[in-house]
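The values are calculated or read from the model by the stated rules, or taken from the named source; none is laboratory data. Bear in mind the structure is a predicted one, so any value in this text is a computation, not a measurement. Positions of Cβ are generated from backbone atoms using ideal geometry, with glycine treated the same way; all protein chains shown enter the neighbour counts.
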Amino acid sequence: MRKLAWAALGFAVAAGLAEYILPVGELPYYAAALAVLSLARLLARDRRGRARVLLVCLGASAGFLDWWGHYQLHVAPSEALVGENVVITGTVNDYVERHEDYERVEVRVTDGAPREKALLYLYEGTLPELEPGDIVRAEIRVTSAVIRQGARSRTYTAQNDNLLGYIQPDTLAVTGRTEHGWRYFPQRLCRRVETLCESLFPPDTAPFVKGLLTGNTIELQEDTENYTAMRAAGVLHIVAVSGMHMFVLVGFVQLLLGKSRRTSVLCLPPILLFALMAGWKPSVVRAAVMQALALMAPVAGRESDGATCLGAALLALLAPNPMAIGGVGLQLSFACMAGLVFLTPGIKRRMEERLPMDKRPVAYAVGNLACTLGANAFSMPLAAIYFEQVPLYSLLANLLTLLAVEGVFVAGYIVCAVGAAFPAAGVAAAGAVSWVARWCLWVYRTLAGLPFACLYMRSARTWVWLGTLYLAFALWYILRRRGHAVRLYGPVCASVMLLMAVLALGRLTIRRGEGLATVLDVGQGECVVLADSVGAVVVDCGGSGMNSAGDAAANYLSSIGKTRVDMLVLTHLHEDHANGVETLLYRMDVGRLVMPSDGDDSDRQRADILAAAERRGVPVTLLEEDTHASVGGIELDLLLPEGEGGSNERGIVALAGMGDTQTLVMGDAGREAELALMGAWAVPDVDVLVVGHHGSNSASSPSFLRAANAQTAVISVGYNSYGHPTQEVLDRLDTYCDTVLRTDTQGNVVIRLGGKDFGEDG
């Protein structure tokens, strides 16, 4: 009986309910009620299923108590300091992460605040070259560590970072070094591998190899073309250190030493070291625990059981930090592994019954396909919810590259070992391995560039397809279990035909003579899609949150049958309006890019955008005066109000006419720009107003709203610390506009021009 698996299931369900639904203060009562229920079940005369119910109830009771205790002991003390400036002392846990617009370091606090693991950010200035084990002192401003990302997961407490703070400029100083520096050997070894990757591998493959060997994807994320392609091809999991890496590592050790009980024991230190190097992330812990249990079962004279291993890994993660249940990485990792444990063997067995397994290519393809189908079966719905897209070519991407990726992983470590002793030989070997890595990246870019690479999950029809897909296979499974001779071809063919219908219906979204004005939900940012049956214009492409605004725009355009953006207009170059541009340029063909000639570039977007446009062959227009353009049936006026004031007053304002309707997109234009606009140009009555500056009080003046006389006002806004939209602006919009919509509450706002319907995408 899989006792550990049933107890782990109860624990995980309780942790999930505590994370998402139940009030913290009520958790002890639920724990007590389940304990009583367990006792009653233990004393019951009916013994059928008693052990399973007992284990699930006891596990759930422990889960509620553990979550409540963890919150009281670790999270609540840190939350009590939110908004305060405190001086802390702590020990550096890892090397500084240097991103384009911020730097951060992980510290274990020892004085001045609760003794927790803290993640400290610096936005102004540069952190010194800190080493793990350094003792530092700094003044920080504490912020909440339980902010939910996309209203779904606790982004920091899921990783046990219970204290989050912003380092005040010029306050961090190194005051000493811990006596236990040996504890940080895995971090130093990981940094050495990263350094060797940078020095040995060519610049075009080093980020990919580094991510594969260590899980550090910072540089890969900055390589927008390849990172975007990997997202669209559904293969980002290969650089998120997980079970594949552990399996290949163990397989390589067994290849060198042979399969034996002694080798199984010798595999444990490399597994532990690799897990520590990779940062002890949930997917890494899960993979390490499961691989270790699978190796030790024969040594202990026991049969390895996948469900028990999965339950043990789950408890190993959740017992010390039950809030980890809210982490996207943990949920996806365990969903993938559950599919591999419970579905892959059956899928593989059925395929082996029908195919010639004596041929090695066929055997490899069957194993690869069975593993991919099993891993995706449970993880696909989660990915659709969190990332709002389903990659349609992920099976093909895995089939074409998985063996090559495994080879690069093993060869990469060999190259680093050789290069550490003989640099010249290491460079030569890295050059050879790089060709295999280039093959993988080429496959990902090619698949990402195909039509309908990703299925957009903001549309109701795509959820109908996904639900029907799972329902069809569930019915097939039930009928097979009851002895009915039902072939698998039926649900497969039905799913493919329904998918083709969904894709075809997207092309019928825009009826001839009509247009769509869509304000995409991109978090705190802005991305507006204007489209008719002939052309498409995107105004701004930036945002915040888990998903790139470029991905959101490309997926939405694809869902309405568009394969090209005729014109991409950037009102200005602030990050929340432009940080998704590179992704969009690599995901779709863009006819022309228009941006201000002398706009503010404090967010350092211009150089990267222009480089991406040049690489993709997209002509760029640097706007210096008011311009008119026609795109299909869209008449576009691009205006430069040239208001006095900050950089927001010098951006582009876009007026789009489709038939007899007008849509005005203000970007971040404020009151000065509005005055200049009204003074130099007669503001017409508009049907749709995309409100300036996300509903900030610096825009949407009463005189401007009166002149625009908009029927519908749309605010593009997400979670922010600025107070957008302000109540004053909301009150003004209610006064001067018939309807006020906002993306943070309605999601994508789609307005059908020429009709009267509007609302969420669907």
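Select from the stretch 554-584 the residues that are hydrophobic (A, V, I, L, M, F, W, C) and either under 19 Å from Glu388 (Cβ atoms) or in contact with a helix residue (DSSP H, G or I) (Cβ under 9 Å, 6 or more places away or on another chain) (or both) and list them in ascending order. Explain how you work it out, then say what you get.
Taking the stretch 554-584 as the starting set, the residues that turn out to be hydrophobic (A, V, I, L, M, F, W, C) are 554, 557, 560, 565, 567-570, 573, 578, 581, 584.
Listed by number, the residues that qualify are Ala554, Leu557, Ile560, Val565, Leu568, Leu570, Leu573, Ala578, Val581, Leu584.
Looking only at the stretch 245-256, how many residues end up being surrounded by fewer than 19 Cβ atoms within 10 Å (Cβ to Cβ) and either in contact (Cβ under 8 Å) with a residue 24 or more places away in the chain or in contact with an Asp or Glu (Cβ under 8 Å, 6 or more places away or on another chain) (or both)?
So the answer is 3.
Tally time: how many residues in the stretch 123-138 are among the acidic types (Asp, Glu) and crowded, with 19+ Cβ neighbours inside 10 Å? Write out each step before concluding.
Restricting attention to the stretch 123-138, the residues satisfying the condition of being among the acidic types (Asp, Glu) are 124, 129, 131, 134.
With crowded, with 19+ Cβ neighbours inside 10 Å added as a condition, the list becomes 134.
So the count comes out to 1.
One residue is enough: does the stretch 681-699 have a residue meeting the conditions of a type in the set (Ser, Thr, Tyr) and touching a Lys or Arg at 6+ places or on another chain (Cβ under 7 Å)?
Scanning the stretch 681-699 turns up at least one residue that is of a type in the set (Ser, Thr, Tyr) and touching a Lys or Arg at 6+ places or on another chain (Cβ under 7 Å).
Go through Gly407, Gly412, Gly346 for me and flag whichever is farther than 30 Å from Gly523 by Cα and either buried (at least 18 other Cβ atoms within 10 Å of the Cβ) or assigned by TED's automatic domain parsing to the domain that holds Ser559 (or both). Working first, answer last.
Numbers: Gly407 fails: either buried (at least 18 other Cβ atoms within 10 Å of the Cβ) or assigned by TED's automatic domain parsing to the domain that holds Ser559 (or both); Gly346 fails: either buried (at least 18 other Cβ atoms within 10 Å of the Cβ) or assigned by TED's automatic domain parsing to the domain that holds Ser559 (or both).
Sole residue among the options that is farther than 30 Å from Gly523 by Cα and either buried (at least 18 other Cβ atoms within 10 Å of the Cβ) or assigned by TED's automatic domain parsing to the domain that holds Ser559 (or both): Gly412.
For Phe274, state whether it is of a type in the set (Phe, Trp, Tyr), farther than 27 Å from Tyr20 by Cβ and without any contact (Cβ under 8 Å) to a residue 40 or more places away in the chain.
Answer is yes for this residue.
Just to verify a result, which residue in the stretch 563-583, among those that are of a type in the set (D, E, K, R) and over 24 Å from the mean Cα position of the chain (by Cα), is nearest to Ala654 (Cα to Cα)? Lay out the reasoning, then the answer.
Going through the stretch 563-583, the residues of a type in the set (D, E, K, R) turn out to be 564, 566, 575-576, 582.
Still in the running and over 24 Å from the mean Cα position of the chain (by Cα): 564, 566.
Details: Arg564: 20, Asp566: 15 Å.
Per the stated criteria, the residue is Asp566.
Out of the residues in the stretch 82-99 that are at pLDDT 90 or above and more than 23 Å from Ala278 (Cα to Cα), which is surrounded by the most Cβ atoms within 10 Å (Cβ to Cβ)?
Taking the candidates together, the pick is Ile88.
So in the stretch 484-505, with the set limited to residues that are at pLDDT below 80 and not hydrophobic (A, V, I, L, M, F, W, C), which one is nearest to Glu353 (Cα to Cα)?
Arg487
Hey, among the residues in the stretch 388-404 that are among the aliphatic types (A, V, I, L, M) and not in a helix (DSSP H, G or I), which one's surrounded by the most Cβ atoms within 10 Å (Cβ to Cβ)?
In this case the residue turns out to be Val390.
For Leu120, are the conditions met, namely being in a loop (DSSP other than H, G, I, E, B), crowded, with 16+ Cβ neighbours inside 10 Å and modelled with pLDDT of 90 or more? Walk me through how you get there before you give the answer.
Working: in a loop (DSSP other than H, G, I, E, B): no; crowded, with 16+ Cβ neighbours inside 10 Å: yes; modelled with pLDDT of 90 or more: yes.
So Leu120 does not fit the description; no.
Just give me the residues in the stretch 651-672 being assigned to a loop (DSSP other than H, G, I, E, B) and over 14 Å from Val683 (Cβ atoms), in sequence order.
Gly651, Ile652, Gly659, Asp660, Gly667, Asp668, Gly670
If the requirement is being farther than 19 Å from Leu530 by Cβ, among the hydrophobic types (A, V, I, L, M, F, W, C), in the same structural domain as Val631 (by TED's automatic domain parsing) and under 34 Å from the mean Cα position of the chain (by Cα), which of these qualifies: Val690, Val729? Give the steps one after another, and end with the answer.
Working: Val690 fails: farther than 19 Å from Leu530 by Cβ.
So the residue among Val690, Val729 that is farther than 19 Å from Leu530 by Cβ, among the hydrophobic types (A, V, I, L, M, F, W, C), in the same structural domain as Val631 (by TED's automatic domain parsing) and under 34 Å from the mean Cα position of the chain (by Cα) is Val729.
Given the structure, is Tyr102 closer than 30 Å to Leu189 by Cβ, under 32 Å from the mean Cα position of the chain (by Cα), modelled with pLDDT under 90 and not assigned by TED's automatic domain parsing to the domain that holds Gly311? Let's see the steps before the verdict.
On the way: closer than 30 Å to Leu189 by Cβ: yes; under 32 Å from the mean Cα position of the chain (by Cα): yes; modelled with pLDDT under 90: yes; not assigned by TED's automatic domain parsing to the domain that holds Gly311: yes.
In short, yes.
Considering each of Leu27, Leu54 in turn, give the residue that is out of contact with any Asp or Glu (no Cβ under 8 Å at 6 or more places or on another chain), without any contact (Cβ under 8 Å) to a residue 40 or more places away in the chain and crowded, with 20+ Cβ neighbours inside 10 Å. Let's see the steps before the verdict.
On the way: Leu27 fails: without any contact (Cβ under 8 Å) to a residue 40 or more places away in the chain.
When all the criteria are applied, what remains is Leu54.
Take Ala707 and tell me if it is modelled with pLDDT under 90, surrounded by fewer than 22 Cβ atoms within 10 Å (Cβ to Cβ), assigned by TED's automatic domain parsing to the domain that holds Glu526 and under 19 Å from Pro641 (Cβ atoms). Before you say what the answer is, go through the steps one by one.
Working: modelled with pLDDT under 90: yes; surrounded by fewer than 22 Cβ atoms within 10 Å (Cβ to Cβ): yes; assigned by TED's automatic domain parsing to the domain that holds Glu526: yes; under 19 Å from Pro641 (Cβ atoms): yes.
Answer is yes for this residue.
Would you pick out the residues in the stretch 588-625 that are charged (D, E, K, R), over 24 Å from Asn720 (Cα atoms) and in contact with a Lys or Arg (Cβ under 9 Å, 6 or more places away or on another chain)?
Asp589, Asp598
In this structure, is Leu733 of a type outside the set (Val, Ile, Thr), at pLDDT 90 or above, within 30 Å of Asn547 (Cβ to Cβ) and not in a helix (DSSP H, G or I)?
Values: of a type outside the set (Val, Ile, Thr): yes; at pLDDT 90 or above: yes; within 30 Å of Asn547 (Cβ to Cβ): yes; not in a helix (DSSP H, G or I): no.
So Leu733 does not fit the description; no.
Could you grab me the full set of residues in the stretch 287-305 that are surrounded by 16 or more Cβ atoms within 10 Å (Cβ to Cβ) and either of a type in the set (Ser, Thr, Tyr) or without any contact (Cβ under 8 Å) to a residue 24 or more places away in the chain (or both)? Quick ask: steps written out before the conclusion?
Filtering the stretch 287-305 down to residues surrounded by 16 or more Cβ atoms within 10 Å (Cβ to Cβ) leaves 287-297, 305.
Leu293, Ala294, Ala297, listed by residue number.
Determine if the stretch 257-266 includes at least one residue that is among the aliphatic types (A, V, I, L, M), within 15 Å of Leu295 (Cα to Cα) and free of Cβ contacts under 8 Å to residues at least 12 places away in the same chain.
Of the stretch 257-266, the ones among the aliphatic types (A, V, I, L, M) are 257, 265-266.
Cutting the leftovers down to within 15 Å of Leu295 (Cα to Cα) gives us 257, 265-266.
Narrowing the set further to residues that are free of Cβ contacts under 8 Å to residues at least 12 places away in the same chain leaves 257.
For the stretch 257-266, residues among the aliphatic types (A, V, I, L, M), within 15 Å of Leu295 (Cα to Cα) and free of Cβ contacts under 8 Å to residues at least 12 places away in the same chain: present.
Just to verify a result, which residue in the stretch 511-563, among those that are in contact with a His (Cβ under 6 Å, 6 or more places away or on another chain) and among the charged types (D, E, K, R), is nearest to Ile715 (Cα to Cα)? Can you show your working first?
Of the stretch 511-563, the ones in contact with a His (Cβ under 6 Å, 6 or more places away or on another chain) are 526, 540, 542.
Next, only the ones that are among the charged types (D, E, K, R) stay: 526, 540.
Numbers: Glu526: 9, Asp540: 14 Å.
Per the stated criteria, the residue is Glu526.
Considering only the stretch 194-217, state which residues are in contact (Cβ under 8 Å) with a residue 24 or more places away in the chain, in contact with a Lys or Arg (Cβ under 8 Å, 6 or more places away or on another chain) and surrounded by fewer than 21 Cβ atoms within 10 Å (Cβ to Cβ).
Residues satisfying the conditions are Asp204, Gly215.
Restricting attention to the stretch 607-638, which residues are surrounded by fewer than 17 Cβ atoms within 10 Å (Cβ to Cβ) and in a helix (DSSP H, G or I)?
Passing the criteria: Ala607, Asp608, Leu610, Ala611, Glu614, Arg615, Arg616.
Against the condition under 29 Å from the mean Cα position of the chain (by Cα), surrounded by fewer than 17 Cβ atoms within 10 Å (Cβ to Cβ), over 26 Å from Tyr227 (Cα atoms) and not hydroxyl-bearing (Ser, Thr, Tyr), how does Gly449 come out, does it pass?
Against the criterion (under 29 Å from the mean Cα position of the chain (by Cα), surrounded by fewer than 17 Cβ atoms within 10 Å (Cβ to Cβ), over 26 Å from Tyr227 (Cα atoms) and not hydroxyl-bearing (Ser, Thr, Tyr)), Gly449 does not qualify.
Yes or no: the stretch 425-435 includes at least one residue that is surrounded by 15 or more Cβ atoms within 10 Å (Cβ to Cβ), assigned by TED's automatic domain parsing to the domain that holds Ser199, hydroxyl-bearing (Ser, Thr, Tyr) and within 30 Å of Arg616 (Cβ to Cβ).
yes
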